[in-house]
2 protein chains.
Amino acid sequence: MKVKVFVQWLPFESVVMSSLTKIETIKEFGGYLNRYQHQSDICQCQMTFSVYLPPQAQREKVPVVYWLSGLTCTDDNVRTKAGAQRYAAELGIALVMPDTSPRGENVSDEPERYDLGKGAGFYVNATVEPWAQHYQMYDYVTRELPELVEAELPIVPGVKSITGHSMGGHGALICGLRESGAYRSVSAFSPICHPTICGWGEGCFGAYLGNDQKDWKQYDATELVKNGAEPIPLLIDQGTADEFLADQLHPKALLDACSERDFPIELRMQDGYDHSYHFISTFIGEHLAYHAKALKG
Amino acid sequence: MKVKVFVQWLPFESVVMSSLTKIETIKEFGGYLNRYQHQSDICQCQMTFSVYLPPQAQREKVPVVYWLSGLTCTDDNVRTKAGAQRYAAELGIALVMPDTSPRGENVSDEPERYDLGKGAGFYVNATVEPWAQHYQMYDYVTRELPELVEAELPIVPGVKSITGHSMGGHGALICGLRESGAYRSVSAFSPICHPTICGWGEGCFGAYLGNDQKDWKQYDATELVKNGAEPIPLLIDQGTADEFLADQLHPKALLDACSERDFPIELRMQDGYDHSYHFISTFIGEHLAYHAKALKG
């Protein structure tokens with residue numbers, strides 16, 4: 001299916017002028033798990049993403065939860081491993097699952113590193129070359145992708161929530177904290193809560209954003225809370241047996257920043273759980289129910 | 001954890017003298033997804049399998065469902081993709097997920113073929129070399145593995161059911177049809193119902209069992225029903241959009257054989273579903289509820 005999007009001239013917003021190609025469709029829980037490709041104006045390359053449309057979407061537009069994935073993932077990991085589609089079908093919500101970086105032969109990469117370049121976009125807008133040309137993932141997930149799916153798919157415009165895992169948990173938090181009013185609810189699994197002080201974040205932010213650490217803070221959930229982000233409740237699940245908890249994730253720093261400001265946060269330390277999709281699968285139902293309540297309330 | 005199994009001298013049964021090593025444990029839905037290795041006396045090599053122990057197994061022994069996987073799989077596919085652990089936790093049943101063939105450097109293989117050798121044991125006892133030395137998967141899944149898990153893990157002895165997918169659906173059917181009284185219930189997803197007349201079965205059975213097609217029939221569900229297998233209800237889900245339905249699976253042949261004998265079968269043709277784990281995930285909950293009823297009834 002090749003669909004031309006009608007070009008809308010809006011007074012000040014960016015213009016969606018894309019063409020969405022459905023490259024796969026799989027029936028699941030009475031709905032459809034679809035994979036699409038499109039030319040991204042923002043990332044300047046062909047992007048791939050998946051959408052689960054629940055059975056209800058065959059009759060009416062449904063609200064949507066965005067899932068942002070972690071390091072090394074594509075759109076495929078969550079749709080295969082999280083068990084989320086069952087709950088989405090029960091709740092009548094769509095899931096939109098973008099890729100974690102721009103892709104393609106012309107896109108810069110560091111093949112020796114799993115935490116920089118392809119599969120590791122960190123949901124920032126890079127400002128330093130060779131990354132800046134394609135690595136505009138923040139604008140991609142907050143603007144271009146929502147405009148595209150709302151124009152093309154049976155999704156209620158403007159009614160969205162966001163969640164994700166690890167690097168994608170970080171992504172969900174910064175999107176929710178920066179885009180005041182854009183998301184009905186925000187949650188995260190094992191998020192990188194304070195990337196400017198952990199190895200993963202430091203390694204990437206220096207490459208993507210340059211050496212001025214002031215520029216990093218706009219993509220750091222803890223710093224955003226400290227620096228006056230509009231309050232929105234944050235629901236976070238974190239396993240106590242997570243192998244990255246001590247060095248990379250720093251949920252305590254975010255919790256402390258929230259406490260300082262009386263910022264609403266529920267951080268649930270889940271005893272004995274690790275960083276894997278088995279942890280996600282255990283709690284994704286509760287997160288989707290939480291989002292469905294906000295989306296339909 | 002290294003556990004020596006106490007050697008039991010039984011009057012006529014095979015002797016379990018194994019040592020079960022737990023190589024991984026992951027918390028999921030309040031229970032534990034464990035992976036074990038052991039030296040298999042029957043397959044003459046190191047075997048790996050996974051077990052999901054639901055939360056109830058921390059207090060008492062639980063009944064078990066065996067899951068047999070399809071071509072190219074290991075024990076990992078189903079535990080990652082099927083979404084089965086949620087239901088197993090709710091129902092209080094263990095899942096045992098064996099590998100699909102013997103493994104190891106010394107085990108014969110056909111690296112050019114995905115449907116013969118490693119990952120393609122077809123749950124038969126091979127009689128022809130070079131396969132016969134290690135490829136004894138029928139005895140492995142029906143005898144050695146149950147004896148081992150019942151001796152070592154919090155699993156109720158002798159109370160088991162079986163299911164599987166594709167090649168593993170074939171495996172579940174033949175185990176249930178041959179081992180009269182051994183399984184409380186039998187089900188399958190997209191099973192190879194009549195392997196002696198399909199390309200997959202012909203290619204493997206000739207290699208593993210030789211050219212005398214009489215020997216093949218003991219591992220063919222349709223032939224077993226025709227030739228007097230003890231009745232046990234068969235629950236089968238089959239997607240109508242399954243890319244292997246026309247050439248490889250032949251559920252109609254099994255249905256006809258069952259009709260001839262008034263053999264109990266429920267074949268559910270599921271509209272629009274394919275051969276993937278997304279299909280399995282949609283119906284695994286119903287299958288596990290079906291087995292739990294039989295196991296606890």
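Among the residues of region B:243-267, those identified as more than 20 Å from the chain's Cα centre (by Cα) and closer than 20 Å to B:Val186 by Cβ are B:Lys252, B:Ala253, B:Leu255, B:Asp256, B:Ala257, B:Cys258, B:Ser259, B:Glu260, B:Arg261, B:Asp262, B:Phe263, B:Pro264.
Within region B:227-255, being small (Gly, Ala, Ser) and crowded, with 18+ Cβ neighbours inside 10 Å holds for B:Ala229, B:Gly239, B:Ala253. Test B:Phe205 against the stated conditions and say whether it is open to solvent by 50 Å² or more (accessible area, probe 1.4 Å), among the aromatic types (Phe, Trp, Tyr) and away from chain A (no Cβ under 14 Å). Criteria not met by B:Phe205. Within region B:72-83, the set of residues being crowded, with 22+ Cβ neighbours inside 10 Å and either more than 16 Å from the chain's Cα centre (by Cα) or more than 27 Å from A:Tyr87 (Cβ to Cβ) (or both) comprises B:Gly83 only.
In the set (1) touching a helix residue (DSSP H, G or I) at 6+ places or on another chain (Cβ under 7 Å); (2) buried (at least 22 other Cβ atoms within 10 Å of the Cβ); (3) farther than 30 Å from B:Ala292 by Cβ, B:Val141 fails one condition alone, (3). Kindly indicate whether A:Asp99 is out of contact with any Gly (no Cβ under 9 Å at 6 or more places or on another chain), acidic (Asp, Glu) and either under 26 Å from B:Ser276 (Cβ atoms) or within 14 Å of chain B (Cβ to nearest Cβ) (or both). For A:Asp99, the condition - out of contact with any Gly (no Cβ under 9 Å at 6 or more places or on another chain), acidic (Asp, Glu) and either under 26 Å from B:Ser276 (Cβ atoms) or within 14 Å of chain B (Cβ to nearest Cβ) (or both) - is not met. The criterion of being open to solvent by 20 Å² or more (accessible area, probe 1.4 Å) and not charged (D, E, K, R) holds for A:Leu224. Evaluating B:Cys193 against the criteria (1) under 19 Å from the mean Cα position of the chain (by Cα); (2) closer than 20 Å to B:Thr72 by Cα; (3) not in a loop (DSSP other than H, G, I, E, B) leaves one unmet condition, (3). Could we say that A:Gly239 is within 14 Å of another protein chain (Cβ to nearest Cβ) and on the phi < 0 side of the Ramachandran plot here? Judged against the criteria, A:Gly239 is a match.
Scanning region B:256-288 for residues that are touching an Asp or Glu at 6+ places or on another chain (Cβ under 9 Å), aliphatic (A, V, I, L, M) and open to solvent by 30 Å² or more (accessible area, probe 1.4 Å), we see that the one that is nearest to the other protein chains (Cβ to nearest Cβ) is B:Met269.
Taken over region A:226-264, the criterion of being more than 18 Å from A:Leu71 (Cα to Cα) and in a loop (DSSP other than H, G, I, E, B) is satisfied by A:Asn227, A:Gly228, A:Ala229, A:Glu230, A:Pro231, A:Ile232, A:Pro233, A:Thr240, A:Ala241, A:Asp262, A:Phe263, A:Pro264. Out of all the residues in region A:170-191, is one or more aliphatic (A, V, I, L, M), in contact (Cβ under 8 Å) with a residue 60 or more places away in the chain and under 27 Å from A:Tyr290 (Cβ atoms)? Scanning region A:170-191 turns up at least one residue that is aliphatic (A, V, I, L, M), in contact (Cβ under 8 Å) with a residue 60 or more places away in the chain and under 27 Å from A:Tyr290 (Cβ atoms). If we scan region A:161-177, do we find a residue that is surrounded by fewer than 23 Cβ atoms within 10 Å (Cβ to Cβ) and either part of a strand (DSSP E or B) or out of contact with any strand residue (DSSP E or B) (no Cβ under 9 Å at 6 or more places or on another chain) (or both)? No, that holds for no residue. For region A:62-75, the criterion of being of a type in the set (Phe, Trp, Tyr) and more than 14 Å from chain B (Cβ to nearest Cβ) is met by at least one residue.
The values are calculated or read from the model by the stated rules, or taken from the named source; none is laboratory data. Predicted model, so just to flag it, every value in this text is computed and none were measured. Backbone-built Cβ (ideal geometry, glycine too); neighbour counts: all protein chains shown. What goes into the accessible areas is simple: the full protein's heavy atoms, side chains included, and nothing from ligands, DNA or RNA. Shrake-Rupley method; radii C 1.70, N 1.55, O 1.52, S 1.80 Å.
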